[in-house]
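**Q** If you scroll down you'll find the structure; I have some questions about it.
Throughout, read-outs are computed from the coordinates displayed, never taken from laboratory work. Since the structure is predicted, the reported quantities are computational estimates derived from the model, not experimental observations. In this analysis, Cβ positions are derived from the backbone assuming ideal geometry, glycine residues included, and neighbour counts consider all displayed protein chains.
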Protein chains: 2
Amino acid sequence: ELLAELTAFFQPKLLAGKRVVITAGPTSEKIDPVRVITNRSSGKMGYAVAQAAREAGAQVVLISGATALPAPYGVLRLNVESALDMHAAVMAEAAGADVFISVAAVADWRVVNASDNKLKKNASGQAPELEFAPNPDILAEVARMRAGPWCVGFAAETENLLEYAEAKRRRKGVPLLVGNLAQHAMNADTTELVLFDDAGHHALPRLPKIAAARQLIRAIAERLPRKHAAA
Amino acid sequence: ELLAELTAFFQPKLLAGKRVVITAGPTSEKIDPVRVITNRSSGKMGYAVAQAAREAGAQVVLISGATALPAPYGVLRLNVESALDMHAAVMAEAAGADVFISVAAVADWRVVNASDNKLKKNASGQAPELEFAPNPDILAEVARMRAGPWCVGFAAETENLLEYAEAKRRRKGVPLLVGNLAQHAMNADTTELVLFDDAGHHALPRLPKIAAARQLIRAIAERLPRKHAAA
């Protein structure tokens, strides 16, 4: 515990004075007042990135879906539920940020015919008909902002990681995308990250999430253009 | 804390020697390896009922969906994810039980075309087509068992509680059904329960969930037929 505190204290202040906005955890799309569509994101990776950014001297805003985790020390947490909530919170924070790191598992779709009352099984025994609409692509939208923050995305895939992650990086228009295999990382305390940028990809070893997060923060600080870099 | 321990210790042993099986929390129905359909049940009410049953001297098996709660002291917890998992666990435990209390928020439907790999947004931008099948009705099935346990159901409704809860009691074929308003009880630490039985309904005041659970255990013990009643 003391060792952990000391390690945290002695992290190099690579992001001193920078404003960093990070999303984490799942979004939760309402079907009715009790039922939701969500995902198995625990939020652990995003919270580790928030902690590592704070240790590196950044001012950190963590926009988080529902998780069982405490906010890391010194980090401002904003709680959201749906992808639309998260979109609104990110748009309000991103304009003034130097770095945006999108770690949250944001739902691609929301239910447009969500009910204000609990859906009842109807007499015919038919399942409710759910209609979906695409959610905004938060990361791509922030990446397109004029004078917006330097953007980092995450891709959790279950297969074809190298192909899907690089395709996602290009589609989102971000300089750095972090890939991992969902089946190894979900709910686990360790992860194996692969960093994708214009120069190709670079695989980190399996590490505790906080150690992987510190390596990611270093990789971000190294790549940050001068206008965003720490003085 | 000491007062809480003493209060627990001095609860009357109304279910001494009885085997009680309780379900709690949400079920989680897989769409793909990361996406799920679930509900906002925190598990607090079911865990309170498990604690109250244990305090009353019962041997308690708690079959629980994913929650952030620790197992109550002295309670055997079996963790499950989907409604089918919960069904299998309940069927294995219910035969030897004296009382079955179904508090879990079990999904009515599961996704039959769940994917083994993470679904990709396809080029057409179409939402994935989800096909649903009805889940087994665990409570009704246990209530129909020959020489099965004495059954208690829960109904969380957002409207028309009196009408829906009594209809549910008859449909499930259980002697006691506990209704509450989902919007007041979900994730809260207090609840207002309404007990429905052959004699009509009886509303409890708003109480902390553990206090409401103790009143429920008393109501169960009073109604338990002699073959199930404590010696």
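**Q** Quick check on segment A:73-187: of the DSSP beta bridges with both residues there, what percent are antiparallel, nearest 5%?
**A** Restricted to segment A:73-187, the bridges split so that about 25 percent are antiparallel.
**Q** From the label point of A:Asp197, set 7 Å along Cα to the beta carbon, how far off in nm is each other copy's matching point, shortest first?
**A** In nanometres, ordered from closest: 7.0.
**Q** Turning to a different aspect of this structure: From the square roots a ≥ b ≥ c of the eigenvalues of the alpha-carbon gyration tensor of segment A:86-192, which class results: rounded (a/c under 1.5), prolate (a/b over b/c), or oblate?
**A** Cα axes put segment A:86-192 in the oblate bin.
**Q** Hey, for A:Ala88 with labels 7 Å out along Cα-Cβ, what do the inter-copy distances come to in nm, ordered shortest first?
**A** 4.2
**Q** Okay, moving on. Taking chain A as a Gaussian network, Cα atoms linked when under 10 Å apart, which of A:Pro128, A:Pro72, A:Pro208 shows the biggest mean-square fluctuation?
**A** Answer for the Gaussian network model of chain A: A:Pro128.
**Q** Moving on. Take every DSSP beta bridge with both residues inside chain B and express the antiparallel ones as a percent of the total, to the nearest 5.
**A** If I count the DSSP bridges inside chain B, around 35 percent turn out antiparallel.
**Q** Between copies, how far apart are the B:Leu162 label points? List them in nm, one decimal, shortest first, with each point 7 Å from Cα toward Cβ, please?
**A** 6.8
**Q** What FRET efficiency would be calculated for the residue pair A:Glu131, B:Glu159, taking the C-beta separation as r and a Förster radius of 30 Å, to the nearest 0.05?
**A** With R0 = 30 Å, the Cβ-Cβ based efficiency is 0.85.
**Q** Please build a GNM for chain A, connecting alpha carbons under 10 Å apart, and tell me which residue among A:Ala155, A:Ala94, A:Ala16 fluctuates the most.
**A** A:Ala16
**Q** Report, ordered by chain and residue number, the lysines lying within cross-link reach of A:Lys172, taken as a straight Cα distance under 30 Å and ignoring same-chain residues fewer than 8 apart.
**A** Hits, sequence-local ones excluded: A:Lys13, A:Lys18, A:Lys30, A:Lys44, A:Lys209, A:Lys227, B:Lys30, B:Lys118, B:Lys120, B:Lys121.
**Q** Longest span of chain B, sites excluded, free of trypsin sites (Lys or Arg not before Pro) in DSSP loop with at most 10 other C-beta atoms within 10 Å?
**A** Counting only loop sites that pass the neighbour cut-off, the longest clear stretch is B:1-145.
**Q** Between A:Met91 and A:His201, what is 0.36 nm times their sequence separation minus the Cα-Cα distance? Round to one decimal in nm.
**A** 36.7 nm
**Q** Give the average, rounded to an integer, of partner chain Cβ atoms located within 10 angstrom of each Cβ in B:106-118.
**A** Averaged over the peptide's residues, the number is 3.
**Q** Taking the axis about which chain A rotates onto chain B, which residue of A lies nearest it as judged by Cβ position, and how many whole Å separate them?
**A** Minimum Cβ distance to the axis, with residue: A:Ala68, 2.
**Q** Over all residues in A:127-137, what is the mean tally of Cβ atoms on other chains that come within 10 Å of each residue's Cβ? Kindly include the intermediate steps, with their values, before the conclusion.
**A** Values: counts 10, 3, 1, 4, 1, 5, 1, 4, 0, 0, 1.
Across A:127-137, the average partner-chain Cβ count within 10 Å equals 3.
**Q** Counting only other chains, and only Cβ atoms inside 10 Å, what mean value do you get across the residues of A:35-47?
**A** 4
**Q** What are the ³J(HN,Hα) couplings of segment B:32-47, residue after residue, when phi is run through the Karplus curve with 6.51, -1.76, 1.60 and θ = phi - 60°? Round to Hz, x for glycine and proline.
**A** Whole-Hz 3J(HN,Hα) from phi for segment B:32-47: 7, x, 10, 9, 9, 9, 9, 8, 8, 4, 8, x, 4, 5, x, 5.
**Q** I would also like to ask the following. Only helical DSSP H runs with n ≥ 4 go in: add -39500 (n - 2.57) per run for chain A, normalise by residue count and round the 222 nm mean residue ellipticity to 500 deg cm²/dmol.
**A** Value at 222 nm, helices only: -8500 deg cm²/dmol.
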